[in-house]
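Working notes, structure below.
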């Protein structure tokens, strides 16, 4: 592998190309580009909205700047619509679809400028060094968890949660969007664990419904089926998006970690860099694997009423 090849992030697009791609998809699908806020470095926070009389659903991605594959899978939903995928066409008829390809455009741009080389914390976080997926309010005022990866109070750490919940313009803008739209269901795309992580709930009925939603998602994946990662007792609140959406806004919300752990480590041995640990060399294979699962998840969630009020009450602090 040449030095030039190791510094290239192909086939992933640069930030401007990604934004032009979203504009082109909006034009092809008759959608509306919604600027719902501005980033810490004043980049536009953009969503594509496909109007419908049905309930609103959201597919968002790239809350961690280095996780480019998440953005590709989110855009893959829209490309599937353009290609006439029948299940996606049926979904569009049932619901108002919102797609946010990059929640963290500053982190995406920083990763691109560094060619994926450097500290994970610098490419994962926003421009203030905050892990945006640890910056949401913890339901019920839960105390911070001491578990590894659950969030850090120390600036410079890869999971630094920031000075206060919603301290960052990116999370504050999302919070306003959640309040305005009241999404019925949501998928927030990450990499690279190959898992489905539902919102943390202790109420039995909501837990069972998330188990079924995760089963439906995995069953629709044609190649690699992701396992559900959840526990009614030992899960903890870490300031993540799916927990905030479920408990504050009554949304069926999951984190989907695209690209399997096994595939990541196999590839990383051949392409040793932080970037290629998180992103597959062939994104098309994972788009084809995950878009059917996400589509099936949304169809199943639309059959459910919103999460019951009991599951949105203040829960006891996690471990």
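A count restricted to the range 35-66 and to residues that are touching a strand residue (DSSP E or B) at 6+ places or on another chain (Cβ under 9 Å) and free of Cβ contacts under 8 Å to residues at least 60 places away in the same chain stands at 8. Out of curiosity, is residue 75 out of contact with any helix residue (DSSP H, G or I) (no Cβ under 6 Å at 6 or more places or on another chain), over 28 Å from residue 236 (Cα atoms), part of a strand (DSSP E or B) and in contact (Cβ under 8 Å) with a residue 24 or more places away in the chain? Against the criterion (out of contact with any helix residue (DSSP H, G or I) (no Cβ under 6 Å at 6 or more places or on another chain), over 28 Å from residue 236 (Cα atoms), part of a strand (DSSP E or B) and in contact (Cβ under 8 Å) with a residue 24 or more places away in the chain), residue 75 does not qualify. Which of the residues belonging to the range 157-176 are in a helix (DSSP H, G or I) and crowded, with 22+ Cβ neighbours inside 10 Å? Within the range 157-176, 170, 171, 174 meet the criteria. Looking across 134, 138, one residue alone is crowded, with 23+ Cβ neighbours inside 10 Å, at pLDDT below 95 and farther than 26 Å from residue 284 by Cα. It is 138.
For the range 2-17, check the following and say yes or no: at least one residue is modelled with pLDDT of 95 or more, over 19 Å from the mean Cα position of the chain (by Cα) and farther than 27 Å from residue 135 by Cβ. Looking for residues that are modelled with pLDDT of 95 or more, over 19 Å from the mean Cα position of the chain (by Cα) and farther than 27 Å from residue 135 by Cβ, one finds at least one in the range 2-17, hence yes.
So is residue 107 out of contact with any strand residue (DSSP E or B) (no Cβ under 6 Å at 6 or more places or on another chain), surrounded by fewer than 18 Cβ atoms within 10 Å (Cβ to Cβ) and either within 29 Å of residue 299 (Cβ to Cβ) or touching a residue at least 24 places away in the same chain (Cβ under 8 Å) (or both) or not? No. Tell me, yes or no, whether the range 256-274 has at least one residue that is touching a helix residue (DSSP H, G or I) at 6+ places or on another chain (Cβ under 7 Å), crowded, with 19+ Cβ neighbours inside 10 Å, over 23 Å from residue 9 (Cβ atoms) and at pLDDT 95 or above. For the range 256-274, residues touching a helix residue (DSSP H, G or I) at 6+ places or on another chain (Cβ under 7 Å), crowded, with 19+ Cβ neighbours inside 10 Å, over 23 Å from residue 9 (Cβ atoms) and at pLDDT 95 or above: absent.
This table checks each residue for (1) in contact with a helix residue (DSSP H, G or I) (Cβ under 6 Å, 6 or more places away or on another chain); (2) at pLDDT below 95; (3) part of a loop (DSSP other than H, G, I, E, B).
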{"site": "36", "(1), (2), (3)": "yes, no, no"}
{"site": "48", "(1), (2), (3)": "yes, no, no"}
{"site": "53", "(1), (2), (3)": "no, yes, yes"}
{"site": "66", "(1), (2), (3)": "yes, no, yes"}
{"site": "91", "(1), (2), (3)": "yes, no, no"}
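Considering (1) without any contact (Cβ under 8 Å) to a residue 40 or more places away in the chain; (2) in contact with a helix residue (DSSP H, G or I) (Cβ under 6 Å, 6 or more places away or on another chain), the lone condition that residue 163 does not fulfil carries the number (2).
Taking the conditions (1) assigned to a loop (DSSP other than H, G, I, E, B); (2) farther than 23 Å from residue 202 by Cβ; (3) at pLDDT 90 or above in turn, residue 294 satisfies each one other than (1).
All told, residue 122 meets the bar of being free of Cβ contacts under 8 Å to residues at least 24 places away in the same chain, surrounded by 17 or more Cβ atoms within 10 Å (Cβ to Cβ) and outside any loop (DSSP other than H, G, I, E, B).
When 182, 200, 209 are checked against the criterion of being surrounded by fewer than 18 Cβ atoms within 10 Å (Cβ to Cβ) and either in contact with a helix residue (DSSP H, G or I) (Cβ under 9 Å, 6 or more places away or on another chain) or on the phi < 0 side of the Ramachandran plot (or both), 182 stands alone in meeting it.
The values are calculated or read from the model by the stated rules, or taken from the named source; none is laboratory data. Note that the structure is a prediction, hence the values are computed from the model and not measured. Note that each Cβ is placed from the backbone with ideal geometry, even for glycine, and that neighbours are counted across all protein chains shown.
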